[in-house]
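The values are calculated or read from the model by the stated rules, or taken from the named source; none is laboratory data. Quantities reported herein were computed from a predicted structural model and do not represent experimental measurements. Neighbour counts are summed over all protein chains in view; Cβ atoms, including those assigned to glycine, are modelled from backbone coordinates with ideal geometry. Ligands, DNA and RNA are stripped out before the accessible areas are found, and what is left, the full protein with its side chains, is counted by its heavy atoms. Shrake-Rupley method; radii C 1.70, N 1.55, O 1.52, S 1.80 Å.
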Amino acid sequence: MRAVRHLVGGTMVTAAIVVMAPQVVAQQEGADADSVSQSLQARVDELDQQVRVLQRLRELAADSVTAAAKDKISPTASGKDGFSIKSADGKYAVRLKGLVQADGRFFLSDSAFPVTNNFFIRRARPILEATVGKYLEFRVQPDFAQGTTVLFDAYTDVKVSPAFAVRVGKFKPPVGLERLQSAGDIVFAERALATNLVPNRDVGLQLSGDIDSGSVAWQAGVFNGVPDLGNGDGDVSDAKDFAVRVFLQPFKQGTLSGLGVGISGSTGLERGTTAAPALASYRTPGQQTWFRYATSTTTPTTNVFADGRRTRIVPQAYFFTGPLGLQGEYVQSSQEVKRLDVEALKLTHTAWQATGSYFLTGEKNSWKAVSPKKSFDPKAGTFGAVELAARYSELSMDDATFPAFANPASTPTKAKAWAVGLNWYLAKAIKLMVDYEHTTFSGGTAAGDREAESFVVTRVQHSF
Amino acid sequence: MRTRLIASIALLALAVGADRAGAQGSAKPVTLLNVSYDPTRELYEDFNKQFATFWKGKTGQDVKVRQSHGGSGKQARSVIDGLEADVVTLALAYDIDQLAEKGGLLPANWQTRLPDNSSPYTSTIVLLVRKGNPKQIRDWGDLAKPGVSVVTPNPKTSGGARWNYLAAWAWALRQPGGNDASAKAFVAKLYKNVPVLDAGARGATTTFVERGIGDVLIAWENEALLAMKELGVGKFEVVAPSLSILAEPPVAVVDKVAGKHGTKAVAQAYLEYLYSDQGQEIAARNFYRPRKASVAAKYAAQFPKVTLVTVDEVFGGWKKAHTTHFADGASFDQIYQPGR
């Protein structure tokens, strides 16, 4: 019985083992699989986090690069701004610009007043400009042409807003029209007769502003005061000149949007001496002196000098529409003059000029530098821009000038000039010019009129 | 001669005066720039609209408020460098102190010019974890455990990150046997668990919420609640630590800029309006703790109860905290080096 029970028990245990064993094994295997699965999941999660972290770090690195680029100082080179280094926000910048004009001037009728035909450098001006912060700008412009060094501009602008700015230093007083056009942008190689009667450069303080996006531009300033055509660095008396200009461009759209009209003027006292007369001589377009007040080295008492009020008034206008550009101004310049042996007298000289130009190649004419639609590139079949120009100007001396203050036997009373020109813009920065100008005079010699001046001027201009 | 010169100058001065008078006489629309820290975008979007309505009704003048947001320290630097903020609403007083000290843009006593130390709302630092809190994070101590990935921005650039750092430090100080050395060791351990240091609080939120990185985000309370509500409904939980820090983000008119822009009056009114019932309501709706008791009581339920300490009582004020912890070479630089 015991044996049977043992046998049965053993059989049941065996059977149970046989039946249960696969289940236990399966359970064990399941537990192992779960463990592996969890481990794998953990590993996947860990790797997923690592990948996400790497991606995020890459994003942040890209952001840092972008932010760093914003702070980066950028050097640039362009026809408009020359060579510059500026901060990313544009608030700090140094710009190097330049203007070089290589001229050839050939006089065609100079038997009475021989003038040497010449190749020469008319202007060689490095221009340094700086922007410091949001409001301050500086400009320095010397000229090294023709073997001399002359400082033309050295000023600081405080630009409070478009409607209000302050300029201190040496610069163009706000008188005239053609004088205020940049030397690199003028239509003819030399300015017209009328520009003889306005100042060139002076030292002083000027307030200015543009109202309504340039519809009204105004300048008003106090200056040392210089003679007509003068470029002064100091003053010889306590008196100062006050200059003002208002220029309107009332039409913002349409054909008349290029119309500008204005008036400028200056007034002040000037007291010269026989040794330093503080009076101007006037030049022809060929840059030859054709008028000067009486002066003598042997009898200085006959020298003429400024002695009283000097007043200039210049109504002016321009009009640009499509390829056509017109500009004109009338200048009246009065100065009280004196000789020690002659009573003081106010002399009023007058001048005017009218200039027109037209781009045969269709460029939009402008007061400022014009960019050719297509720069010179023969391989591409483009040749830049071509502009035709014509001008007439006159300058009349006050009749009372003669004979007390100028010798009618050697000094004309009036000059009239007409000119034609051709300008070829290879690119905005490079311009070739050829002008012909003919100037006639009234009086100026004992026998009659001074010999007319006719000359051709050629120019290669590089401005950047 | 001199008389004529004086007359000329007087004429010029008259012209300038006339120009200025013309400018001041008209009720032109006015624009303010509010330079703020990272997580206040939504708050000021709401507030600016409300203020514009208020100001128009009061004065008839249209006001537009432009916003600039970024890490608080970085924003302060930008203002010192010339960003023309009429008002600043930054993360910590130290950053506005810098505007006074380094920029001379407002007086040193700026904080006394508005109530509550020029802090119209407060916040604190909490922990945001993923739903179910899989790493069982209950308090600051859990953040330093191995295997816990912590997201917090860079205290060098982010005001919020400084609050985070100081809150962790303050908790460690209050632990049994806690002192500066043990606190420093704890915070060092915590930052070893930080895989990514964003520049600002909003960037850190992006890292945690949108990029799915980390187990816990140390965050402004308002940022954490906003993330729960708008960025991931049901995906996150806020864990209020046993101790945190009372964050008092300050506001100020930048006198020099507002004076130049002629916006001082409207800028002052803008900040004062933050203390009004409407301003406080908007702050509370954007999960900032309002100062006004009546509004605070109304919104009490949305803010977890946390024991709060202040920077003044634990760290001796912001200036000292900066020198000890965040200046170049100070504690943070000692415990955290990028790439390690």
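Remarks
- Across the stretch B:140-224, Cα-Cα distances exceeding 17 Å account for 43% of all pairs.
- Cα long-axis angle, helix B:2-25 against chain B (0 to 90 degrees, to the nearest 10): 50
- For the options B:110, B:140, B:55, a Gaussian network treatment of chain B with springs between C-alpha atoms closer than 10 Å singles out B:55 as fluctuating the most.
- Rg over Rh for the stretch B:183-279 works out to 1.10, using Cα positions for both radii and the Kirkwood form for Rh.
- Relative contact order computed over chain A (Cα-Cα under 8 Å; 6+ residues apart), in percent: 12
- Quarter the surface of the alpha carbon convex hull of the stretch B:209-340 and you get the mean projected area, 11.9 square nanometres.
- Separation between Cα centres of the stretch A:294-322 and the stretch B:140-210, rounded to whole Å: 80
- Interface A:B - total buried accessible surface [probe 1.4 Å, Å², rounded to 100]: 1900
- Helix B:159-173 axis versus longest C-alpha principal axis of chain B: approximately 40°, rounded to the nearest ten.
- Protein heavy-atom accessible surface, 1.4 Å probe, per residue over the stretch B:206-263: 32 Å².
- Note that the stretch A:282-429 shows a convex hull volume over its alpha carbon atoms of 135 Å³ per residue.
- Of interest is the spacing of the C-alpha centroids, which for the stretch A:376-449 and the stretch B:40-79 amounts to 61 Å.
- The orientation-averaged shadow of the Cα convex hull for the stretch B:285-340, equal to a quarter of the hull surface, comes to 6.4 nm².
- Taking every residue in B:147-158 and counting other chain Cβ atoms within 10 Å of its Cβ, the average works out to 1.
- Antiparallel DSSP beta bridges within chain B, percent to nearest 5: 50
- All Cα-Cα separations within the stretch A:230-270 were binned at 10 Å from zero, giving a P(r) of 22, 32, 21, 17, 8, each value a whole percent of the pairs.
- The listed peptides A:196-202, A:337-343, ordered by packing as a protection proxy, come out as A:196-202, A:337-343 (highest mean of other Cβ atoms within 10 Å first).
- Straight-line cross-link reach from residue A:374 at under 20 Å between alpha-carbon atoms covers these aspartates and glutamates, not counting any fewer than eight positions away in the same chain: A:81, A:185, A:363, A:387.
- Counting every pair of alpha carbons in the protein assembly as shown, the share spaced more than 52 Å apart comes to 43 percent.
- Those residues of the stretch A:218-259 for which accessible area with every protein chain present is at least 30 Å² below the isolated value (1.4 Å probe): A:222, A:238, A:242
- Cα radius of gyration and Dmax for the stretch A:348-464 (Å): 19.3, 64
- Rounded to the nearest 20, the Cβ-based charge dipole of the stretch B:111-178 about its Cα centre (Lys and Arg +1, Asp and Glu -1) stands at 200 debye.
- Each listed q (0.13 Å⁻¹) maps to a log10 I(q)/I(0) for chain B, found by the Debye formula over equal Cα scatterers with no solvent: -0.96.
- Residue-wise HN-Hα couplings along the stretch A:359-374, as the Karplus relation 6.51 cos²θ - 1.76 cosθ + 1.60 with θ = phi - 60° gives them from phi, are 8, 5, 8, x, 5, 7, 5, 7, 5, 9, 4, 9, 9, x, 4, 9 Hz; Gly and Pro carry x.
- Cβ-placed point charges (K, R +1; D, E -1), dipole of the stretch B:247-340 about Cα centre in debye, nearest 20: 160
- Nearest-ten-degree value, helix A:2-71 long axis tilted from longest Cα axis of chain A: 0
- Order by protection proxy (mean Cβ within 10 Å, highest first), peptides B:251-262, A:317-328: B:251-262, A:317-328
- Accessible area per residue for chain A is 49 Å², calculated with a 1.4 Å probe on protein heavy atoms, without ligands, DNA or RNA.
- Entries of B:64/B:260; B:56/B:102; B:74/B:298; A:364/B:64; B:56/B:260 with Cα pairs more than 28 Å apart: B:56/B:102; B:74/B:298; A:364/B:64
- For the stretch A:107-250, with +1 on Lys and Arg beta carbons and -1 on Asp and Glu, the positive-most of A:193, A:230, A:144 along the dipole: A:144
- Dividing the summed -39500 (n - 2.57) terms of all DSSP H runs of n ≥ 4 by the residue count of chain B sets its mean residue ellipticity at 222 nm at -12500 deg cm²/dmol.
- Most to least packed among A:142-151, A:403-412 [average Cβ atoms within 10 Å]: A:403-412, A:142-151
- Of A:134/A:368; B:189/B:229; B:49/B:319; A:91/B:264; A:134/A:240, pairs whose Cα-Cα distance is over 28 Å: B:189/B:229; B:49/B:319; A:134/A:240
- Considering helices alone, the calculated mean residue ellipticity of chain A at 222 nm is -5500 deg cm²/dmol, with DSSP H runs of length four and up weighted by -39500 (n - 2.57) and normalised per residue.
- Shielding score for A:45-58, defined as the mean number of other chain Cβ atoms within 10 Å: 4
- Between the amide H of residue A:279 and those of A:306, distances stay under 5 Å, these residues lying 5 or more places away or on another chain, with hydrogens modeled in the peptide plane.
- Scattering profile of chain A at q = 0.08, 0.09 Å⁻¹ [log10 I(q)/I(0), Debye over alpha-carbon scatterers]: -0.59, -0.71
- Relative contact order, whole percent, for the stretch A:257-315 stands at 47, derived from Cα pairs under 8 Å and 6 or more residues apart.
- The apolar share of the surface of the protein assembly as shown, taken as the fraction of accessible area on carbon and sulfur atoms (1.4 Å probe, ligands and nucleic acids excluded), comes to 59 percent.
- Debye, to nearest 20: dipole size of the protein assembly as shown, +1 on Lys, Arg Cβ, -1 on Asp, Glu Cβ: 1000
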